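What follows is a set of notes on a single structure, which appears directly below.
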Amino acid sequence: MNNIIIISTIALGALGLISAVILYFVANKFKVYEDPKIDEVEEALPSANCGGCGFPGCRAFAEATAKKAKEEHNLEGLFCPVGGNEVMQKVGNILGLEIEAKDPMIAVVRCNGSHANSPQKVKYEGATSCAFAHALYSGEGGCMYGCLGLGDCVDACEFDAIHMNPETGLPVVDDNCTACGACVEACPRDIIELRKRGPKERRIFVSCVNKEKGAPAKKNCAVACIGCGKCEKVCKFDAITITSFLAYIDFEKCTLCRKCVEVCPTTAIWEVNFKPRKPKPAAEQTKKVVSTETKPVELKVNTGTTKENKV
Amino acid sequence: MLTVSGSPHIHGDNSTKKIMYGVVYALIPAMLVTVYFFGFNAIRVLTLSVVFSLLFEWIIQKYLIKGDITITDGSALVTGILLAFNVPSNLPAWIIIIGALVAIGVGKMSFGGLGKNIFNPALVARVFLLISFPVEMTSWPKPAPIINGLTDVITGPTPLGIVKEGLDAGKTMSDLMPQLPDYVQSLLGQMGGSMGEVSAIALILGGIFMLWKKIISWEIPVSVLLTVFVFSGILWLIDPQHYADPLFHLLTGGLMLGAIFMATDMVTSPMTKGGQLIFGFGIGLLTILIRIWGAYPEGVSFAILLMNSAVPLINRGFKPKRFGAKANVQNR
Amino acid sequence: MGILKTFALGGVHPAEQKLSANIPIEELPVPKQVTVPFGQNLGAPSKPLVKRGDTVKTGQLIGEASSFISANVHSPVSGTVLKIDNVVDSSGFRRPAAIINVEGDEWMEEIDRSEELITGFDLTAQEIIDKVKKAGIVGMGGATFPTHVKLMVPPGKKAEYLLINGVECEPYLTSDHRLMLEKGDEILVGTKILMKALGVSKAIIGIENNKPDAINHLTELSKKHDGISVQPLKVKYPQGGEKQLIKAVTGREVPSGKLPIEVGCVVQNVGTVFAVYEAVLKNKPLIERIVTVTGKAVKKPSNFKVRVGTPVKELIDAAEGLPENTGKIISGGPMMGKALLNTDIPVVKGSSGILLMKKEESSRKPESPCIRCSKCTYVCPMGLEPYLLSRYARTKRFEEAEKEKIMDCIECGSCQYTCPANIPLLDYLRLGKAKVGALIRARNAK
């Protein structure tokens, strides 16, 4: 009996030892050299593997940064939107480079065609896919540029940062948005755009992407941009351009002075996270209702339009 | 308000419910036979199995998944009946309940619910019970028509069991013949076995009903039965004393039930006719291998489960004939 | 009658519902205002040639073909152009159109308006094709492919058969049926014209067996012409699909990704053939067509001859009004037609019918999980696997969908019609096709 135990122990022990030695030599012989910095950089990254940097996964981004740092001594064009400036600083430190801080961005939904503003004219039945509905017809409210509300953007988001508001039928972007760009890609109508977050999260943008003339645009949606040009005229900083009956505010030039918001006749331009204005003197013709975070809304438009969209 | 949707704007008569309940109707002849032969016990087992299958599905859908409750679509009902058909009629209640839990919880829900399971849920439960409770699962009551009165249940081995033990002990087929049921008895169901497998006629009737209603197609049952027939026939022709004849193999054990109701389960069988023929062939072959050379007297359950695992591969290899693909030689 | 032929692979049999099969064609009066979209064909829309305030005559060219695959558009009425504007058309989107206020009905001088049958003609193939192109004729079965392009056989290929599609496999639609019964002679002359244009000596008219009167009528008439025969076909959807028609009538299969000319066949709808007759022998451009108005709740199912551009509302009124509980208005048949957003949408060259569905019939049943019954695979006439392709489209696996031949899908809808779980298979297939098409274009552009 004892013999068997001793022999088994020795035999298995010897096998194990031989295997270990073989493995050691093989591992060394076939080792692939990798810049150790890649591992360090990868450690510093958020490991979300979201692709927001444009690379397939955090490891690929780490490899790209290490390569670029070695060959070109800068990290131009490489930015991790999820980690933001903090992480890029760490990466810069690891690679021994100075990194310029970038303005943080956020996804902005540029459509306010809620059920109240753009009343439902037909009922849609079919696949729950914005891409499909976009190819099928214009939309339940009639505007062929407006949000379809079927949630391709919500499905695309890997950070749980965008949700559909069932009351309005529009998506709402939360503060934890990392500006990775997945929802921008997913939207078949290019309604979502990555814009600067702005100081104190204050932003101004045109919440409409309708390129039709004013009359048909307004027929389908009460708060459409009709391309009247008032905002362009009033902007002192040349931040607003009108193309195809649609105004666009360049966020690099915009100083958040809010003059355009005041003059827009359809309330298509939004100001977000500003303090409420002081009420105007009695000379004003139309009554205005001041809401806590956004522009005053004319009472006669309809009551449902206090802009719940917090972004 | 008008509705806008993509075409087509009309729909045929098919529905999942119709298919599932069609299977239930096809099982009615077998249910009647089993009640006739196994009496009150049969009703007990059927009721427990069905009720608990539905109950477990409801509990899992309501409290674990927190999604839609779909117990009325008929699929849990079918699983419950088929599970009952796979066990002996004297099985204790608590074992049946465990079986229902395994069938629905492990065999169906853990894969994602209806349509997502790889293995036939009733068979998963049967094999689980067989391995966990080998004694209870292999004491087969002899069929005693209820018209003879509710006597105590007498148990004994199934015909396949008799053959396996007998041949292993060195006896020949002629020695064993007196103990085995004749063909008429096998067809009608007067033999030992699990509740659903005894009566070939009742099962065949159900199969014809399902073929008529286009719930199943002929490829799987025919290829399973034909393969078993051919292989067992070859062996029997070589040595009739040590191999049972092909008709015996067809009519005994769970082969009829397996070929007509278990292997044809849509979720776990291949999608194309070519794939289904290979699937049936594989089941038949494995059944014979297990019956003749394996440790168990009956191999259909294992054969079906093994072939279930091969179905994704079969689907990849067997594609439908494409229109306009004459230039392509392969199936892919 | 010859033996019934059919295509082997797949197909379904929805209830035929030919409610208006025995209703003769009724010509509707010219409406007060028409909306003529500039894009009524597959391919590029036409370039507008008129502007606000211009006066036009019936049959006058108002839109010019803007590229190789494009077609001319003519004014269906005489009057003044009110404006050129973007209007919602049957595609569901706003597209440029000419809105014309009607004044009288003055036709262009060269158009022969008589009903007299002309049987003889002396034109070369190229002259015929030019006349077809000038008349703006497109495929009137619904695909609206510019006919003159189809008639121009690419170098290296040869046409052997001309197949005339009188199948009308969609339930409810009867406009082709009535046209075959009432204009049979003209259709046969049109067939001869097309045979000359293509240089073929054999033409076969395929008609489904649920139209025995049309089969008999055209068989009789075809005896007067050499080389034209009638082939009755088993009633199965989608027999009218051109690939299925070619397979059934000639036994040849169009290879995947290629056009019918690969197997020497050219397919034309009977309505197109009639329009060719009128264009070539009467100088009449394509400005009117037969449209069926039908539906279970419609008080007077009818076949109307209407001018292109007539709002759908007028046709519904002529069929004794929109039924109370209408849930869906479909342009075309129930299997492949498009749901309309409202009744102001105009009739265009490809509108074969207006189907009004009751509210009870208009809603889809809720979707449930796929039970892998493979019925969709069995009914697909192209031998595809819709359950797999729609899953690939939903999970964005577009390259794999391309390998599984998603681009072969003819969008007939048989799969979704059959699916017991009510899965919107065709919706996802269409989505997949659009994305794969974009992938292919991007790849070819490199």
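Taken together, the values in this text are just the output of simple stated rules run on the coordinates, not laboratory data. Please read these numbers as outputs of a predicted model, since none were measured by experiment. Glycine also receives a Cβ, built like all others from the backbone with ideal geometry; neighbour counts cover every protein chain displayed.
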If you count, for every residue in C:245-256, the Cβ atoms of partner chains within 10 Å of its Cβ, what is the mean? 2
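Output the relative contact order of chain B, whole-number percent, from Cα pairs under 8 angstrom with separation of 6+ residues.
17 percent
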Given the rule -39500 (n - 2.57) for each run of at least 4 DSSP H residues, summed and divided by the residues of chain C, what is its mean residue ellipticity at 222 nm, to the nearest 500 deg cm²/dmol? -8000 deg cm²/dmol
Based on the Cα gyration tensor of chain A, what are the three equivalent ellipsoid semi-axes, each the root of five times an eigenvalue, rounded to whole Å and given largest first? 54, 25, 17
For A:M144, the residues 5 or more places away or on another chain with a placed amide H closer than 5 Å to its own amide H are none
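With a Förster radius of 45 Å, plug the Cβ-Cβ distance of C:E27 and B:I234 into 1/(1 + (r/R0)^6) and report the FRET value to the nearest 0.05.
On the way: r = 76 Å, r/R0 = 1.69.
About 0.05, to the nearest 0.05.
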Given 37 °C and 0.692 mPa s, how large is the Stokes-Einstein diffusion coefficient of the stretch A:36-95 in µm²/s, with Rh as the Kirkwood radius over Cα pairs? 298 µm²/s
Would you mind calculating the relative contact order of chain A from Cα pairs under 8 angstrom and at least 6 residues apart, reporting the percent as a whole number? 13 percent
Within-12-Å neighbourhood charge of A:A156 [Cβ basis; K, R +1; D, E -1]: -4
Would you mind estimating how fast the stretch C:375-445 diffuses translationally, via Stokes-Einstein at 37 °C and 0.692 mPa s with the Kirkwood radius over Cα pairs, in µm²/s? 276 µm²/s
Run lengths n ≥ 4 of DSSP H only: what is the helix-derived mean residue ellipticity at 222 nm for chain B, with -39500 (n - 2.57) per run over all residues, to the nearest 500? -17000 deg cm²/dmol
What shape does the stretch C:88-151 have by the C-alpha gyration tensor, where a ≥ b ≥ c are the square roots of the eigenvalues, rounded means a/c under 1.5, and otherwise prolate means a/b greater than b/c and oblate the rest? oblate
Computed [θ] at 222 nm, deg cm²/dmol, chain A (DSSP H ≥ 4; -39,500 (n - 2.57); rounded to nearest 500): -9000 deg cm²/dmol
Quote the charge dipole size of the protein assembly as shown about the Cα centre in Debye, to the nearest 20; the model charges only the Cβ of Lys and Arg (+1) and of Asp and Glu (-1). 1880 debye
Taking 4 °C and 1.567 mPa s as the conditions, I'd like the Stokes-Einstein D for the stretch C:73-184 in µm²/s, using the Kirkwood hydrodynamic radius from alpha carbon pairs. 72 µm²/s
Label point distance in nm, B:Y25-C:E127, each placed 7 Å from Cα along Cα→Cβ: 6.7 nm
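For A:C177, C:C419, which order do you get if you count the other beta carbons within 10 Å of each Cβ and list the fewest first?
So the ranking, lowest neighbour count to highest, is A:C177, C:C419.
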Spherically averaged projected area in nm², based on the convex hull that wraps the Cα atoms of the protein assembly as shown: 60.5 nm²
In the structure shown, of A:K123/C:K375; A:K233/C:K435; A:K31/A:K67; C:K18/C:K183, the pairs separated by more than 31 angstrom at the C-alpha atoms are A:K233/C:K435
Computed FRET efficiency, Cβ-Cβ of A:A20 and A:R59, R0 30 Å: what is it to the nearest 0.05? 0.55
With equal scatterers on the alpha carbons only and no solvent term, can you work out the Debye log10 of I(q)/I(0) for the stretch A:189-281 at 0.24, 0.25 1/Å? -1.33, -1.40
Looking only at other chains, what is the average number of their beta-carbon atoms within 10 angstrom of each beta-carbon in A:135-147? 4
If contacts are Cα pairs under 8 angstrom and at least 6 residues apart, what is the relative contact order of the stretch C:241-318 in percent? 16 percent
Radius, Kirkwood style, for chain B when every pair of distinct Cα atoms is counted (Å): 20.8 Å
Shape box of the stretch C:157-280 [Cα atoms, principal axes, largest first, Å]: 36, 31, 24
For chain C, what ratio Rg/Rh do Cα atoms give with a Kirkwood hydrodynamic radius? 0.95
Cross-link list C:K196/C:K243; C:K47/C:K338; C:K5/C:K196; C:K47/C:K131; A:K37/A:K102: which exceed 29 angstrom alpha carbon to alpha carbon? none
Suppose every Lys and Arg Cβ carries +1 and every Asp and Glu Cβ carries -1, with no other charges. What dipole size does the stretch C:375-445 come out with about its Cα centre, to the nearest 20 debye? 220 debye
Which entries in C:K51/C:K446; B:K273/C:K150; A:K196/A:K278; A:K121/C:K299; C:K211/C:K405; C:K284/C:K313 show an alpha-carbon gap greater than 32 Å? C:K51/C:K446; B:K273/C:K150; C:K211/C:K405
Work out the mean other chain Cβ neighbour count within 10 Å for the residues of C:416-429 and drop it here as an integer. 6
Between the stretch B:256-332 and the stretch C:85-153, what's the alpha-carbon centroid distance in Å? 56 Å
